[in-house]
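Comments concern the structure below.
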Amino acid sequence: MGAFKLLEQNNLSLNLIPVGVKEVFATGFAPCPLYYYSDNGYQLYKDQGHKLSKEDLRELLVRKSWILFISFDDFIIFKNYYREQLRKVTRSLSVGNSIGNVKKMTNLLTIHLGMIYRDPTDDESLSLQYQSIKTLIGFILDNKKYLPELYKSVEEFGHFYTYSQPLLSSLMLMGILLHTQIFNNREIELLFITSYFKDIGMALVPQENYLKQNLTSQEKKTIKSHGQNSLKILSGRISLGQNYNTIIANHHIHSHIDDNIKLVSDKEIMGIETLFLAIADMLTAMSSTRPYRKSMDIFESLKYLKTLVSSEYPQEFKILVHFISKFYRSKTK
C-alpha cells in the first residue's frame, strides 16, 4: 500500500463510525457517503443520494458486510433524517393505515434509540423518543388487539438486540399488565416508559461486550451498573417518580449475568411491578437470538423462569403462563 493510500486509510479509520445495514437501507437512499471495510481497507460503497435497491442489499449480504461506515460529521445528517421521519409518523399515526403507520413507527423508534445509545446526552433525541413512546402507548391502549402483531413485527425487523430489546420487553410487559386487569392506563403507561428506558445506561458499556459470552469480572461489573447509569442519564430529563426510579435501579436484582442466578427475596424492592418488569425482560431476552447463543423456545423459557419465581410468586407465575399461552397463539396467527 502506497504512502498516500496508507495516509488516506488512517484518516478514514479515525473519522468513520459504524452503522447497521438495516439502519441505512431503511432510508431507501444514501443520506451521505457510505463506506464498507474489506481486506484492502475502507472503500467507498455509495455516494450521497444514491438510491438503495434490493440488488445493493443482496450484494452486501453476499459480501457478508453487515456494517457500513459513515463520517462523524455525516452522522448528524443521518440522525436528523431519522428524527424528521419519526416526527412525521408520530404526528400522523391515525391518518390512513394506522397499523401500518405504527409498525413503521416502531421500526423508526428502534433505529432512533440506537442513535441515542451513541450519544445519550442528546436532549432533543431523548425528548423525541419519550414523546413518541407516549404516543405509541396511547395507540396500543386504544387498540389492544394489535399488541401481538406489533410484537411480531418488531421481532421481524431484526435490529441489533440492544436496540430492539427495550421495545420488545416493554410490549411484553404491557401485555402482562393488561392481562392481570389490576393496573389502570396511567400505571401501565409509566411502567412501559420505565421498562423502555431502564437499559439506556447500556450506552456507557463498550459495544464489543454485547457480543461476548464469557465476560471478565470487570466487564460483568460494568454491565451490572447500567441500571444506575440509566438513572444518571435520565435524571432531570425524564421524570418518572421515585418508585419507578427504584424499579430501574433494581430491575436486574436477579442478575442473570452472575454465575448463580437468584431472585432477591425483598418484598419492598421486589414488588409485583418490578417482578413483572423483570420477568418480561428475561422472557424476551431468552426467547430472542443473541450473537453468542441461539434463542430458547418460549416454553423452555417459561420452564426456566418457573425455577426462579414460582415458589415465592405462585399466583403471579400462573398469570404469566396463562398470558403467554394466549399471547403466542395470537402472535403466530
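Please treat every number below as a calculation from the coordinates, not as lab data. It should be emphasised that the depicted structure is a prediction, and the values quoted were computed from it without experimental measurement. Note: ideal-geometry Cβ built from the backbone for every residue, glycine included; neighbour counts use all protein chains shown.
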Normalising by the residue count of the chain, find the relative contact order in percent from Cα pairs under 8 Å and 6+ residues apart.
13 percent
Quick test of the membrane-span-like rule: which DSSP H helices of the chain reach at least 24 Å along their long axis (C-alpha atoms) with mean Kyte hydropathy at least 0.5?
161-180
Any idea how far apart LYS294 and ASP123 come out in nm if each label point goes 7 Å out from Cα toward Cβ?
4.9 nm
Taking the Cα centre of the chain as origin and charging only Cβ (+1 Lys, Arg; -1 Asp, Glu), how large is the dipole, in debye to the nearest 20?
820 debye
Taking the Cβ-Cβ separation of ASP39 and SER71 as r and a Förster radius of 25 Å, what is the calculated FRET efficiency to the nearest 0.05?
0.70
Given charges at beta-carbon only (K, R positive; D, E negative), |dipole| of the stretch 46-177 in Debye
420 debye
For LEU136, the net charge from surrounding residues (Cβ-Cβ under 14 Å; K, R +1; D, E -1) works out to +3
Could you work out which residue, out of ARG91, ARG63, ARG237, moves most in a Gaussian network model of the chain, that is, has the largest mean-square fluctuation with Cα springs under 10 Å?
ARG63
For SER239 and ARG63, compute 0.36 nm times the residue count separating them, minus their Cα-Cα distance, and round to one decimal in nm.
58.8 nm
For LEU215, put the label point 7 Å out on the Cα→Cβ axis and report which residues of the stretch 146-182 keep their amide N under 17 Å from it.
161-166
Scattering curve values for the chain, log₁₀ I(q)/I(0), Debye with Cα scatterers, q = 0.15 Å⁻¹:
-1.36
Sum -39500 (n - 2.57) across every DSSP H segment of at least 4 residues in the chain, then divide by the residue count to get the 222 nm mean residue ellipticity, nearest 500.
-19500 deg cm²/dmol
Between the stretch 66-137 and the stretch 159-224, the alpha-carbon center distance in angstrom
18 Å
Between ILE17 and SER330, what is 0.36 nm times their sequence separation minus the Cα-Cα distance? Round to one decimal in nm.
108.7 nm
